[in-house]
Every structure is written in C-alpha cells, then in structure tokens.
Amino acid sequence: MGILFGTHVEFLEHDPGSYHPESALRLRAVAEAAASLGEAIVPFTPTPAPSRSILAVHSSAHVAQLRQYSLMGGGPIDEDTSVSAQSYDAAILAAGAGIDAATMLQSGLYPAAFVAVRPPGHHATQTQSMGFCLLNNVAITARELAAKGGKVAIVDFDAHHGNGTQAIFWDDPSILYISIHQYPLYPGTGRLAEIGGGEAQGLTINIPLPPLSSGVTALAALELIADAALDSFKPDWMLISAGYDGHFNDPLTEMGYTDRDFYAFTKWAASKVSYGRTIAFLEGGYDLPALTASTKATFLALLGERLPTESLDERGRADSDLVANLARLRSEALAAG
C-alpha cells in the first residue's frame, strides 16, 4: 500500500505577497514529485482542524486576530509574514491535515503519510505568527495525539530552528522535540543549552550546525546525540517537520545537504516508530528543483524503497570532531540542568 499524501487546492490561495519565497509554486514542485511515483502515492483531501484542537496549542486571541486579518483582506504581520483574504482558511486546513493523516494511519493500511501544506508552521508560537508561519501544524497534531495518550517525537530537519514548536512543548513531558539546524540563522534560537524545562527537562534536543555542514555530518550528529533519547522515550508517533531549505541550492540558507540526505534523515526518523506511525509535514524549501528532488527522496524513504546513490565513501565523511564536540556540550548542558 502506498503512502498517504494530503494536500488541498486552497493551500494555493494563501498569498504572502509578490516575489515571496513561500509561494504556491512550492506545492506544485511537491506535487510533481508525488506524481512521479504513481500509485505509490495515495492522495487524500484534508479537512479543517477543529477549533478545540487549534486552541489546545494557540491562544484564542491569536486565532481571532488571524481570522480578522483575512476577513479584512490581509496584510503584513511582520517583515517576513503576511496574510491574504484566503490565508485563514488555508491555515486551518493545514492545521487539520496532520490530524486527518493520523486518523487514516490508524487503519493499519498505510506505512506513513506526507502532508504538503502551506502556510508552514514550525515558527508559529502560541501567540504569534512569524517566519512565514501562521499556525503550528505539527504542534497541533502532536498535541492531539498526546491528548489521546500517545507519546510523540518530533524531528525537525528544516535549516531554520523551529522556535515555535520548541516553545509550545518546552515543559511537556509527552513530547520529545529534536531539531537539527543551521546556527546562527533566523530566528536565532536553538542553542545546545536549550534543553526543555520542568518535567520535560532533557526532552528538547537542539543540534546547531555551522554553515556548509554536510548531510553526512548531520546524520552522524542525529545518531550520536538523539538515538539514546529516542530509545529511552519510546515514542508511539514520529512527526517530521520536513523542511528542505538545507539543500545546497536553497537561496535562504548556507547548508550542504542533498536530496540523498533528506532520504537518510527521513529513514532514520521513521525507523524509531512502528509501521504506520510517521507523518511528515512540509515546512521550508525554496529552490523548486531541489524541493521536487528532496520530497521525492522523502517519499521513497517513507515507502521503504531504496534511493539510488553513490557510496558513503564517495559522499565524504562526517566531521567527527564537530559531532563529538556537540555531543559533549549537550551532555554538559544536561548536567547543568
């Protein structure tokens, strides 16, 4: 059985402005990747998230403000983030896509799901839209699953740190949040010393990498720093904030990933939970050919299929000194509490 693929024509109607990098063309690039895999992709149409699910993550004032902005025809929220008349409807559909995917996965018929949503979500905090994001899609699904007794791991491989997701689950012991990202970079959060608080201390794992880091180094860091936490946490669900702006061709970042690396990240994350318990959410990725190639690589990983690639020796080796130093600093941060 193929993987579930959720998207909606209304996502195309969200318009953050002319020449904005987070454009509707991104969804067309992802759709091209999905179409290339034929019957291995099982489409579904998302429905709006229930109000109770959105309000379990976001303040009522924040949601009301977004709705009012759209009703008034849209406008800028900050220098990076704008809404149009259709943005609120698109946002609540994006927020519902992961919930719908989780419900369908519980049938046991599908190995995983990918939701091609916009606007993206991982920068949105409880009370603020920012960084192209209006509502935090992955957080809304995670909170819904946790409310039903599930333990949820979120792996965020977008090159920008998911400050919103981190803040929402900072002291929630039912959620393990792992982010690997370029640092320094917008939004300026995601240091190793940020480890979570209260009963969730240690359940936030940040892996900040310097510009030009390779995907081989990134995967080695994930394995060394996050494997033990995942094994101890034993998640029931894996939610992936699948941002592809770490690709070496992306115009907004300076990382050195390729489509093969996104395959490897996805395969690693999905291996930590049972069959049918992985959902990937589209976040960033602004070079369109790279986005097509990278999302196709993610689809293949979720399908359990091989990705033709050169050997690891040909791809280069991990920066072992960097990875070891990151692991040491993480251990020191945990010891310091």
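The values are calculated or read from the model by the stated rules, or taken from the named source; none is laboratory data. Bear in mind that the values here come from a model prediction, so they are computed numbers and not experimental data. Every residue, glycine among them, receives a Cβ derived from its backbone with ideal geometry; neighbour counts consider all protein chains shown.
For the range 136-176, the set of residues classified as within 19 Å of A228 (Cα to Cα) and within 11 Å of the chain's Cα centre (by Cα) consists of I154, V155, D156, F157, listed by residue number.
Looking at the range 3-22, which of its residues are of a type in the set (G, A, S) and surrounded by fewer than 19 Cβ atoms within 10 Å (Cβ to Cβ)?
So the first thing to find is which residues in the range 3-22 are of a type in the set (G, A, S), and the list is 6, 17-18.
Within the range 3-22, G17, S18 qualify.
Scanning the range 68-87 for residues that are surrounded by fewer than 16 Cβ atoms within 10 Å (Cβ to Cβ) and assigned to a helix (DSSP H, G or I) yields Q68, L71. A single member of A95, A124 is assigned to a helix (DSSP H, G or I), within 15 Å of the chain's Cα centre (by Cα) and farther than 23 Å from G304 by Cβ, and it is A95. Among the residues making up the range 195-216, a single one is under 18 Å from the mean Cα position of the chain (by Cα) and part of a loop (DSSP other than H, G, I, E, B): L203. Hey, any hits in the range 295-310 for a residue that's surrounded by fewer than 16 Cβ atoms within 10 Å (Cβ to Cβ), over 22 Å from A112 (Cβ atoms) and at pLDDT below 95? So far as the range 295-310 goes, yes, one or more of its residues are surrounded by fewer than 16 Cβ atoms within 10 Å (Cβ to Cβ), over 22 Å from A112 (Cβ atoms) and at pLDDT below 95.
P43 meets each of the listed conditions (1) closer than 17 Å to F281 by Cβ; (2) assigned to a loop (DSSP other than H, G, I, E, B); (3) out of contact with any helix residue (DSSP H, G or I) (no Cβ under 7 Å at 6 or more places or on another chain) apart from (2).
The set of residues from the range 217-269 being of a type in the set (K, R) and under 16 Å from the mean Cα position of the chain (by Cα) comprises just one member, K267. Looking across the range 146-171, the residues that are surrounded by 20 or more Cβ atoms within 10 Å (Cβ to Cβ) and part of a loop (DSSP other than H, G, I, E, B) come down to F157, D158, A159, H160, H161, G162, F169. Here G108 meets the list (1) touching a helix residue (DSSP H, G or I) at 6+ places or on another chain (Cβ under 7 Å); (2) closer than 27 Å to S294 by Cα; (3) touching a residue at least 60 places away in the same chain (Cβ under 8 Å); (4) not hydroxyl-bearing (S, T, Y) almost entirely, failing just condition (1).
Inspect the range 256-264 for any residue being part of a helix (DSSP H, G or I), aromatic (F, W, Y) and under 20 Å from G284 (Cβ atoms) and give the result as yes or no. Reasoning before the result, please.
At the first step, the residues of the range 256-264 found to be part of a helix (DSSP H, G or I) are 259-264.
When the remaining residues are screened for being aromatic (F, W, Y), the result is 262-263.
The next check asks that each one be under 20 Å from G284 (Cβ atoms); those that pass are 262-263.
Yes, the range 256-264 contains a residue that is part of a helix (DSSP H, G or I), aromatic (F, W, Y) and under 20 Å from G284 (Cβ atoms).
Looking at A61, A49, A34, A90, just one residue is of a type in the set (G, A, S), within 30 Å of F299 (Cα to Cα), surrounded by fewer than 24 Cβ atoms within 10 Å (Cβ to Cβ) and touching a residue at least 60 places away in the same chain (Cβ under 8 Å), and that residue is A34.
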